[in-house]
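First up is the structure itself, then whatever we jot down about it.
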């Protein structure tokens, strides 16, 4: 539940907003104008401010400006008449997170907008948006096992939200106040992986002038999320098994065991059961990791979630880029629903981020989505897509100063995939 400050000089409209927001589970405080709102904010923190544009004493634009000048300001949504969209755009430029028209498009539109702007994330375990019945059942399983201090293996294609599940497990567990440490196993250079995970003792190698804790020690008392666990080399698989069985680690170059109290959540997009059967992944480690398995379905198997996620991302991304949230047209929704989404939720988010930035508050049409098409058109554009992939990879490398692990993280791919693409294009 969030605490929302509603600012409007019309008592009847304040009552309407209170009814809608309290019906969605939020707490509401009312203010009759901007001056009263500022006086309240001097004494009380809130999670979000919903303010009318035109008010006596202190109008909505000035209120936005003064709220944004405060330390750690809450998000602000401006209510504006249908004929005053340019003023709403001005409000966004001044720092408002978004605007919504009066009269309201619908109660649900207000509730969705507020939900998209409220602070979520590590403290709530991340946001997993779904209306898909089978995925909802999975979330029930996740919530049920969160309180039990057992290992969980999250499986599914890349981009399905495996880290969000890990954060949810952490946030709803007794370890919620402890650290949450995320590690991508595929991004660890093999020569540094052991020291990164387990730390280094002073003098372990030339240049190791002081001891350094590893990621397991950083996660002590909390949760460690080990993504792409199937990419761990065999020696590290053995060391990880020992951590799970004995709850101790030994730093690189160290001579004594150090106790660690961590919960491990691992994730993979590979079939670890098959890998353990073929010997490419330790079978005993697989059994220790897979006490509970949460298998996330790909987005193409969650058709109900595509429009839901699309609207969610449009509001979140517009807020992030400080532009008005555009409307998704019916044809855009139809195009999104027809797309196979090989990159899953991550691909959907990227497609919508481009559209939000390009359209800047204008309705998003199907032609604005830059979706890859199936059939002959896809074949004719494959060279084009390869060129765009190459340019995106090079841009990521430039942005990270050539650090390939960081570039891979930005692109949402494994380091091995990045190396493969560089070699494929003659850049390795």
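The label point for residue 320 and the one for residue 69, both projected 7 Å from the Cα toward the Cβ, are 3.0 nm apart. Angle of helix 305-321 to the longest C-alpha principal axis of the chain, folded into 0 to 90 degrees and rounded to 10: 80°.
Gain on full extension, evaluated as 0.36 nm per residue between residue 44 and residue 144 minus their Cα-Cα distance, stands at 32.5 nm. The equivalent ellipsoid that matches the C-alpha gyration tensor of the range 239-384 spans semi-axes of 43, 21, 14 angstrom, in descending order.
The long axis of helix 234-246 is offset from the longest Cα principal axis of the chain by roughly 80 degrees.
From the C-alpha coordinates alone, can you work out the Kirkwood hydrodynamic radius of the range 124-295, in Å? Kirkwood hydrodynamic radius for the range 124-295: 16.5 Å.
Divide the volume of the convex hull around the Cα atoms of the range 3-119 by the residue count and you get 89 Å³ per residue. Panel values: the chain, Kirkwood radius from alpha carbon pairs, Stokes-Einstein at 4 °C and 1.567 mPa s, translational diffusion coefficient 53 µm²/s. Calculated FRET efficiency, residue 427 to residue 109, Cβ-Cβ distance, R0 = 51 Å: about 0.65 to the nearest 0.05.
Relative to the longest principal axis of the Cα atoms of the chain, the long axis of helix 34-43 makes an angle of roughly 40 degrees. Modelled this way, with points 7 Å down the Cα-to-C-beta line, the labels at residue 308 and residue 394 are 4.2 nm from one another.
Ordered by the number of other Cβ atoms lying within 10 Å of each residue's own Cβ, fewest first, 273, 158 fall into the sequence 273, 158. Exposure proxy shown here: for 162, 102, the number of other Cβ atoms within 10 Å sets the order, fewest to most, as 102, 162. What FRET efficiency, computed as 1/(1 + (r/R0)^6) with R0 = 22 Å and r the Cβ-Cβ distance, is obtained for residue 406 and residue 354, rounded to the nearest 0.05? Once the sixth-power term is evaluated, E becomes 0.50. Length gain on complete extension for the stretch residue 327 to residue 234, per 0.36 nm per residue less the alpha carbon to alpha carbon distance? Between residue 327 and residue 234, full extension yields 28.5 nm more.
Once the chain from residue 261 to residue 57 is taken as fully extended at 0.36 nm per residue, the excess over their C-alpha distance is 67.8 nm. How many nm separate the modelled label positions at residue 211 and residue 370, each set 7 Å beyond the Cα in the direction of the Cβ? Each label point is offset 7 Å from its Cα along the Cβ direction, giving 5.0 nm.
Across all Cα pairs in the range 299-371, the calculated P(r) in 10 Å bins from zero up to the longest distance comes to 22, 60, 17, 0 percent per bin.
Taking other C-beta atoms within 10 angstrom as a stand-in for reagent exposure, 346, 175, 167 fall in the order 346, 175, 167, fewest first.
Taken together, the values in this text are just the output of simple stated rules run on the coordinates, not laboratory data. Note that this is a predicted model, so its numbers are computed, not measured. Here Cβ is always computed from backbone atoms with ideal geometry, including for glycine, and neighbour counts include all displayed protein chains.
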